[in-house]
1. I'd like to verify a number: residues in region 284-300 that are within 24 Å of Thr366 (Cβ to Cβ) and surrounded by 16 or more Cβ atoms within 10 Å (Cβ to Cβ), how many?
2. Can you pull out the residues in region 170-196 that are modelled with pLDDT of 90 or more and open to solvent by less than 20 Å² (accessible area, probe 1.4 Å)?
3. Of all the strands (runs of 3 or more DSSP E) wholly in region 67-128, which have at least 3 residues that are more than 26 Å from Lys223 (Cβ to Cβ) and among the charged types (D, E, K, R)?
4. Checking Ile226 against (1) modelled with pLDDT under 95; (2) buried (at least 16 other Cβ atoms within 10 Å of the Cβ), only one condition comes out false. Which one?
5. Give Thr338, Thr354, Thr290 a once-over and let me know the one that is polar (S, T, N, Q) and under 30 Å from the mean Cα position of the chain (by Cα).
6. Would you check if there is a residue in region 136-151 being closer than 30 Å to Ser253 by Cβ and more than 20 Å from the chain's Cα centre (by Cα)?
7. Among the numbered criteria (1) open to solvent by 50 Å² or more (accessible area, probe 1.4 Å); (2) touching a residue at least 12 places away in the same chain (Cβ under 8 Å); (3) part of a strand (DSSP E or B), which one does Gly281 miss?
8. Please identify the pairs in which a residue from region 193-217 that is closer than 17 Å to Ser250 by Cα has its Cβ atom under 9 Å from the Cβ atom of a residue that is open to solvent by 70 Å² or more (accessible area, probe 1.4 Å) and of a type in the set (Lys, Arg), counting only partners at least 6 apart or on another chain.
Amino acid sequence: MKLWLFFTLALLWLELQNGVCQQVKRKKEDGENRIRPGRKRVKVRYPKVKEKEAGSKSQSILTQVLDKGRFLRLGESLSLSPGKTMELRCKGTNIGWAYPSYLDTFNDNRLSIKQHERYSQLILSSPSAADTGEYSCWVVLCDGQECTKDGESTSATYIYFTDKEELFVPSAIYFEIIYLHPDKPATVPCRVSNPKINVSLHREVPAEEIAVDGTQISYNPMKGFIILNPAPEHKGAYYCKANSTTKTTSQISTKYQLLYVEVPSGPPFATIEASSNIVSGGDIFNVTCTVLGEPEMNVSFSWRYPGQGQRPVSIHDSWRLINRGVGHTTRISQSVMTVDDVETIDYGKYICTTKNKHGVTLVATTVKSHE
């Protein structure tokens, strides 16, 4: 009896031991399951989410090459010292560039552009204050022979070359005409080589400094003084004055003549007139085609006339600025055709075609025989 009781207690003790061990083991496995996925989320998943969010923001494809193979991704503006070669890179296999236009106008050999396999390289040697301006690049997308600019892959940076001797960005002309239109802002383009320079706007007659309130008239070092709503009272001769932070002597900019214009934009407003609409054989007459328009608006002329291709004629084109009304400036463009020693073939309709960037206008007049 004692032996049977002892054997029963022994079996009970073994069952209890197995249950305790299994319970501890399950807790350990549960604990491991909680820790292992947690480490995986912190170490792998979270950084990936952050990288994706950062990549969703548009980034500049334009960089500056620094010393020792370092690169600087460029933002809205950058200030550099003159004289030291500048190297820019734009990421892409087919890249277009824009830079201060005078570098093209004078075929400046200081500028070179080279397309590499994965990027395009722009190098400007010996830069000076005159090279201050916007530098931009963009990806060019081509479909066969047709290529377009990818507006979503474009970067631009305004670069100042901070020359202590040249406070204003030099201009190729000493006296510049600025046209004031009532329907759009006007800019007096006295740009500076350093955005920290203090600049003021002055009228010559009467001699006075123009108040800059930041609304009607404001200053942008990348553009100049901006007149938001030009009016006739703004016309006159102006200049800008720059004060250096290191020198007491001020510098004076190019002189600007502001002319007020009140001519509506659109196709040419053209008229035509013959010196005489009735002529006899052997006479001389001319036909004048006239366009009144915006001072800076170029106009082209072409003619159709009865003796075209068979009779010699002379054609002379010209333009000049005139004042109309009180202080309004207008451009008058003319094309004059002269017919000498009239013959029968010269009688008929004379048609003048005028063209500007807004459109085309045709005008005509008829020349008849006196008989």
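1. First, the residues of region 284-300 that are within 24 Å of Thr366 (Cβ to Cβ): 284-292, 299-300.
Adding the requirement that they be surrounded by 16 or more Cβ atoms within 10 Å (Cβ to Cβ) leaves 285-292, 299.
Here the count works out to 9.
2. Result: Ala186, Val188, Cys190, Val192, Ser193.
3. Qualifying strands (runs of 3 or more DSSP E): 86-91.
4. The one condition Ile226 does not meet is (1).
5. Just a single option satisfies the conditions, and that option is Thr354.
6. no
7. So Gly281 meets the others, but not (3).
8. Correct list of pairs: Ser193/Lys164; Asn194/Lys164.
The values are calculated or read from the model by the stated rules, or taken from the named source; none is laboratory data. Treat the numbers as computed from the prediction; the structure is a model and nothing was measured. Cβ sites come from the backbone with ideal geometry, for glycine too, and all protein chains shown count toward neighbours. Quick note on the areas: whole protein, heavy atoms, side chains included, nothing else; ligands and nucleic acids left out. Shrake-Rupley method; radii C 1.70, N 1.55, O 1.52, S 1.80 Å.
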